[in-house]
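The values are calculated or read from the model by the stated rules, or taken from the named source; none is laboratory data. Computed from a prediction, not measured in an experiment: that's the story for all the values here. Because the Cβ atoms are built from the backbone with ideal geometry, glycine has one as well, and the counts that use them run over all protein chains shown. The area values use the complete protein model at the heavy-atom level, side chains included, leaving out ligands, DNA and RNA. Shrake-Rupley method; radii C 1.70, N 1.55, O 1.52, S 1.80 Å.
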Amino acid sequence: MEGRNYWNELAKKAIDDEVAFNELYEHYFEPVYKKILIRTKSHDSADEIISQVFYKIFYNLGKFDETKASFNTWVGVITNNEINQYFREQMRRDRATSFDRSLEAEISEELFYDVYGMNPEQRVLEEESKAELKFAISQLNERDQRVIEMKYWLEMNNSEMAEQLGTTAAQVSLINNRAIKKLRKILTD
């Protein structure tokens, strides 16, 4: 049975030897693919990620240093990095798509009330006011926009938002209150 040293030596050899690289590929493909599939739960995503993993392995073989880690560990780090990158990109796409759709939606009555300080029945909302509010929201930083989106479009409570953002419900409440004040300031300037 091949041990750690075998794969380390083969990795060094694979820099210039296609046969050696193919042996590494054959040995690592299945366990790496399974790891990716378990994390993503999608064959399409796993196919996309594994191609990136082996692309990175192939083009970075010269950087592999067995004094820092075994080849197995090195492959694991590359795999984890690519999986994490996939999820970061997925979250960015989802966030952008979700917020873009949210901005296209009608301004909620609760948000209008919180920003303008009046009951919607007391004032007929004109389309200009909605457009101004949408523009003001676009001027907020990403975190504030995300909290506004979750509270007013996704109708999440502070605890749900805190879990999504990795913070406390009190911090979410503070962020929301500050975002509302920023919106008021943008709209009055």
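What the table below lists for this structure:
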item: Difference of contour (0.36 nm per residue) and Cα-Cα distance, Glu132 to Leu174; result: 12.8 nm
item: Residues of segment 149-189: accessible area per residue with a 1.4 Å probe, Å²; result: 62
item: Förster-model FRET efficiency, 35 Å R0, Ala69 and Gln164, C-beta, rounded to 0.05; result: 0.55
item: Protection-proxy order for peptides 36-44, 4-12, each taking the mean of Cβ atoms within 10 Å per residue, highest first; result: 4-12, 36-44
item: Net charge, Thr79 excluded, C-beta distance under 12 Å - Lys, Arg +1, Asp, Glu -1; result: +3
item: Neighbourhood charge, 15 Å Cβ-Cβ cut-off, centred on Ile50 and excluding it, Lys, Arg +1 and Asp, Glu -1; result: -1
item: Sites Asp189 and Glu89 - FRET efficiency at Förster radius 35 Å, r taken between beta-carbons, to 0.05; result: 0.50
item: Three-way shape label, segment 123-189, alpha-carbon gyration tensor, a/c 1.5; result: prolate
